[in-house]
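Below is one structure, written out as structure tokens, with a few remarks after it.
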Amino acid sequence: MTGTVAPPDERRAWGWVAHLRSGGTTPWSAWTGPAERAGRFLPGAQQLELLRRLNESAGPSPVPAELADRVLHASAPGRGRPDLELVGAESGSAFGPRPVDPADLPADELVRVASSLLADDVVATGLPVPEGRPLARPWRRHYRLVGDPALADPLRAQLIARGRPPGGARPRIIVLGAPADRMLADAFTARALDCGGPSWAEWVAILAERDQLAPRVDLARTAGVWAERTSPDQVTLVLDPQRVGRLVGVRSGLAVPPPLPAEAVDLARRVAAVLALLVTPPTRAALLRETLAPLLVGAPGPVLGVPEEHRAWLTGRAERMREQLRRAGYPVVGGATGGDSLDGVLPVYATGGVVDVADDGVLGLALAVLLRSARSGPEVIA
Amino acid sequence: MTPASPPLTEGPRRVLLHVGTPKTGTSYLQDVLFRNRELLAEQGLCYPADRFDGHFLAALDLMRLPWGGLETQAIGAWDRLAEQVRACQGTAVVSHEILATASRSQVGRALESLGADDGPDKTEIHVILSVRDLVRQIPAEWQENVKHRSTLSYARFLERIQDPERASRISTWFWGVQEIPDILNRWGHELPPERIHLVTVPPPGAPPGLLWERFSHAFGLAGLDLDLTEERANPSLGVPETALVRRINRAANRVLDPSDYRPLVRELLAHQTLSHRTSSPRLRLPPDVHPWAVDLERSWVEEIEERGYDVVGDVADLLGVPPDDAYADPDSPSERAVAGAAVDAIRALLLENSRLRGVEARLAGELHETRAALERAYLRPSYLLRERVVRKLESTGVGRGAMSVYRRARGRSSRSA
């Protein structure tokens, strides 16, 4: 098929393909140069526009040829618009979806293709080599650290790295919490980095309709489970992550990671959906947390915010939770400026939180991560 | 009419790639092929599948298509299927209707993995598409959407599929699996027309065995003594029943997890209960949409005839039957009929609930017996002595150290959580 002479419109399209392969950024509508057919079929408008955007993002150093090739051969995963033809370079068939000007494609369509490529990258990179686990210090304080996953999980990992694994005889159960809106966003982030799922707005709406908190947000439930498993007097509610260190005998150096911005969480969620068809669930969660998430840390942008229409519900649920915790009588650490108060579980609704994540922002981040991954190689990004 | 693979054991390696379309008897065909695969293998026809839905999983994998929690089972399924196909010596069949929606790059990957590019020994690929008129396909697709949690009204569905922009997910999927010339542009653009076979579904009122005869001819199965018992079917619903399922979707979608929806709504309610109400009016194309559908079909028929594909059946079957005077609108159904369907649904749910209560009671009994046995074990003097020793040791630092060494020596920690 590659040897035959293509019609002029198709030759113009092949010219654009060659232009993009060589790092060009000219939009399709402004392109005129022809070239001979260089493949079985023209790549779709989504793939071509994604490559053009990558070229724009790449700056002076070009997009690696291997990445350009992968983009042009990729297909958008899942349900959505099929690969579209370029307007002005139609195959001549009266059938199929209408051709488009790639510049008019919504960012969501480009993110679909990019998320598939990122999923391939993450699988190719694999998991980082696990660091040797230090011997447990015999004099360490015994503890269990549970609660808000975005706070408890990284702090626990740091403690393990310092020879202070959880467990031991009669451990102190530290139930770590935060304002309910922060915990809700943290639980969604943990879910996105575990199995993907619906968008933030959809997820919050589902919880509100069910009048149900995500399990790790429900501190009263978590504390109750551990009180039953051990003893109520072993449970402490901590509403200030900075104070965890002293409770477990570490004076300094525990860092509380900032929450991932909304766009990074959404990108992880979309990559997770593709990874579901590439690896098993435990491997997917490990790849998302240990391989993809480090690439997203430090990304700019606002964090997730609870939609206005669900704030009354969340406040009501948080007040019920505060009452349940008060009745249970667990000691409280933190939660108020300079003091301890169960009011620390009530939502604060900081301004600037994102309700509907902008696809343009997610696309920008996806482009940056794709480029970083392609330039660094698997061994560096891991 | 040229059979795609006659006779099965002669000639080059062939792959019959059946890529659609949905609602054309594909489940029945796949069931027959699966149940008779050993007999077919003896005849030189290979249907490589370890489970009934093996090719469905392979298609999900090829197209990276999430589908109701089946993703894990689909991992690597296409490559495994392609490897089995390449290992076949005679003719191999790959069949799933959702392959109709594959993109050109996915088609390229599929053909390459099946051996279409293997130089002089390359596999002879035949694409088979079973097709049915839009007059029946459109209502069937809407109903299928409703059975997959959709809350979209019939009117909105029809609007979306008639929108020339095709920007919505509904219309993208619909045309991806139904627009015959476009499906064949994607799957057949490198194949000569004689290797593209269309099997038309006979019009209503045709003899019941006619569709199978056509499949049998296209796949080269004529004369084989196959078990044709119908074990898997995707039964259709009437108008009030479909309206009821849509109302259930609107009420329950957000509170019912997908993993529960399939067994409870799709299987128990739709397939096992509501589909038995066969006296309800059937879902049809509205009379005002009919001319648009027939015009479209006419353009498809002209295109198919011009391209010179092999047609098994009659291409005129695609023109559909004239509109029915007694049209029943599922967006404004007879409330009496919906209530009747709802009572049947409640009855089915009560029976299922009763069955599950029985299961729960049995399991509770088994748990109780297990606990009692465990407690008897705990009361043994040797266990009580060991428990006393452990408690004593845990109360001192030295003792805890000794316990830690002991647990490590055993290779596990009974205290880990």
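The values are calculated or read from the model by the stated rules, or taken from the named source; none is laboratory data. Being a predicted model, the structure only gives us computed values, none of them experimental. Every residue, glycine as well, gets a Cβ built from its backbone with ideal geometry; the counts of neighbours run over all protein chains shown.
Some observations on this one:
- Just one of the listed residues (A:Ala273, A:Ala223) is over 24 Å from the mean Cα position of the chain (by Cα) and either within 14 Å of chain B (Cβ to nearest Cβ) or under 27 Å from A:Arg162 (Cβ atoms) (or both), and it is A:Ala223.
- Among the residues of segment B:275-322, those identified as surrounded by 13 or more Cβ atoms within 10 Å (Cβ to Cβ) and within 17 Å of B:Ala155 (Cα to Cα) are B:Arg282, B:Leu283, B:Arg284, B:Leu285, B:Pro286, B:Val289, B:His290, B:Trp292, B:Ala293.
- Sub-7 Å Cβ pairs linking a first residue in segment B:246-262 that is without any contact (Cβ under 8 Å) to a residue 60 or more places away in the chain to a second residue that is among the polar types (S, T, N, Q), at least 6 apart or interchain, number zero.
- Answer residue from segment A:301-324, given it is touching a strand residue (DSSP E or B) at 6+ places or on another chain (Cβ under 8 Å) and in contact (Cβ under 8 Å) with a residue 60 or more places away in the chain and is nearest to A:Phe188 (Cα to Cα) among those: A:Leu304
- Failed criterion for A:Arg70 (all others in (1) under 20 Å from A:Ser29 (Cα atoms); (2) under 30 Å from the mean Cα position of the chain (by Cα) hold): (1)
- When A:Ala286, A:Ala214 are screened for being assigned by TED's automatic domain parsing to the domain that holds A:Asp148 and small (Gly, Ala, Ser), only A:Ala214 passes.
- Restricting segment B:143-166 to residues that are surrounded by 17 or more Cβ atoms within 10 Å (Cβ to Cβ) and among the aliphatic types (A, V, I, L, M), the residue that is farthest from the other protein chains (Cβ to nearest Cβ): B:Leu158
- Tally, over segment B:65-87, of residues that are surrounded by 21 or more Cβ atoms within 10 Å (Cβ to Cβ) and without any contact (Cβ under 8 Å) to a residue 12 or more places away in the chain: 1
- Test result for A:Ile174, within 14 Å of another protein chain (Cβ to nearest Cβ), buried (at least 21 other Cβ atoms within 10 Å of the Cβ) and not in a loop (DSSP other than H, G, I, E, B): yes
- Any chance A:Arg327 is free of Cβ contacts under 8 Å to residues at least 40 places away in the same chain, farther than 21 Å from A:Ser199 by Cβ and in contact with a Leu (Cβ under 8 Å, 6 or more places away or on another chain): no
- A:Pro261 surrounded by fewer than 22 Cβ atoms within 10 Å (Cβ to Cβ) and of a type outside the set (Ser, Thr, Tyr): no
- Flag if A:Ser75 is under 18 Å from A:Arg12 (Cβ atoms) and within 11 Å of chain B (Cβ to nearest Cβ): no
- Residue in segment B:150-168 that is farthest from the chain's Cα centre (by Cα), counting only those that are assigned to a loop (DSSP other than H, G, I, E, B) and within 13 Å of B:Thr242 (Cβ to Cβ): B:Ser153
Yes/no matrix, rows are residues, columns are (1) of a type in the set (Ser, Thr, Tyr); (2) buried (at least 19 other Cβ atoms within 10 Å of the Cβ):
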| site | (1), (2) |
| --- | --- |
| B:Thr24 | yes, yes |
| B:Glu38 | no, no |
| B:Leu57 | no, yes |
| B:Gln89 | no, no |
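- Within segment B:103-113, the set of residues being more than 8 Å from chain A (Cβ to nearest Cβ) and either crowded, with 24+ Cβ neighbours inside 10 Å or touching a residue at least 12 places away in the same chain (Cβ under 8 Å) (or both) comprises B:Val107, B:Arg109, B:Ala110, B:Leu111, B:Ser113.
- Entry remark, segment A:78-101: residues being part of a loop (DSSP other than H, G, I, E, B) and more than 11 Å from chain B (Cβ to nearest Cβ) number 6 in total.
- Consider segment B:402-417 and keep the residues that are surrounded by 11 or more Cβ atoms within 10 Å (Cβ to Cβ) and at pLDDT 75 or above. The one that is farthest from the chain's Cα centre (by Cα) is B:Ala402.
- Qualifying positions in segment B:183-201 - surrounded by fewer than 17 Cβ atoms within 10 Å (Cβ to Cβ) and either more than 19 Å from B:Arg109 (Cβ to Cβ) or in contact with a His (Cβ under 8 Å, 6 or more places away or on another chain) (or both): B:Pro192, B:Pro193, B:Glu194
- Flag for A:Ala190 being farther than 30 Å from B:Arg391 by Cβ, among the aliphatic types (A, V, I, L, M) and within 12 Å of another protein chain (Cβ to nearest Cβ): no
- Flag for A:Glu56 being surrounded by fewer than 16 Cβ atoms within 10 Å (Cβ to Cβ) and under 30 Å from the mean Cα position of the chain (by Cα): yes
- Total residues in segment A:232-243, condition within 14 Å of chain B (Cβ to nearest Cβ) and either among the hydroxyl-bearing types (Ser, Thr, Tyr) or within 28 Å of the chain's Cα centre (by Cα) (or both): 0
- Residue in segment A:5-15 that is part of a loop (DSSP other than H, G, I, E, B), within 14 Å of another protein chain (Cβ to nearest Cβ) and at pLDDT below 95 present: yes
- Within segment A:265-291, considering residues that are assigned to a helix (DSSP H, G or I) and β-branched (Val, Ile, Thr), the one farthest from A:Val369 (Cα to Cα): A:Thr283
- Candidates A:Ala119, A:Ala114 - the one that is at the interface with chain B (Cβ under 9 Å from one of its Cβ atoms) and either of a type outside the set (Lys, Arg) or not in a loop (DSSP other than H, G, I, E, B) (or both): A:Ala119
- If the condition is being away from every other protein chain (no Cβ under 14 Å), farther than 16 Å from B:Arg298 by Cα and not in a loop (DSSP other than H, G, I, E, B), then segment B:173-208 contributes B:Pro193, B:Glu194, B:Arg195, B:Ile196, B:His197, B:Val199.
- Any hit, segment B:277-289, residues being free of Cβ contacts under 8 Å to residues at least 40 places away in the same chain and within 14 Å of chain A (Cβ to nearest Cβ): no
- Residue that is farthest from A:Ala366 (Cα to Cα), among those in segment A:280-313 that are within 14 Å of chain B (Cβ to nearest Cβ) and surrounded by fewer than 20 Cβ atoms within 10 Å (Cβ to Cβ): A:Trp313
- Count of segment A:138-157 residues which are away from every other protein chain (no Cβ under 14 Å) and surrounded by 18 or more Cβ atoms within 10 Å (Cβ to Cβ): 7
- Residues satisfying the stated conditions in segment B:388-401, i.e. in a helix (DSSP H, G or I) and either over 24 Å from A:Pro138 (Cα atoms) or modelled with pLDDT under 80 (or both): B:Glu394, B:Gly397, B:Arg400
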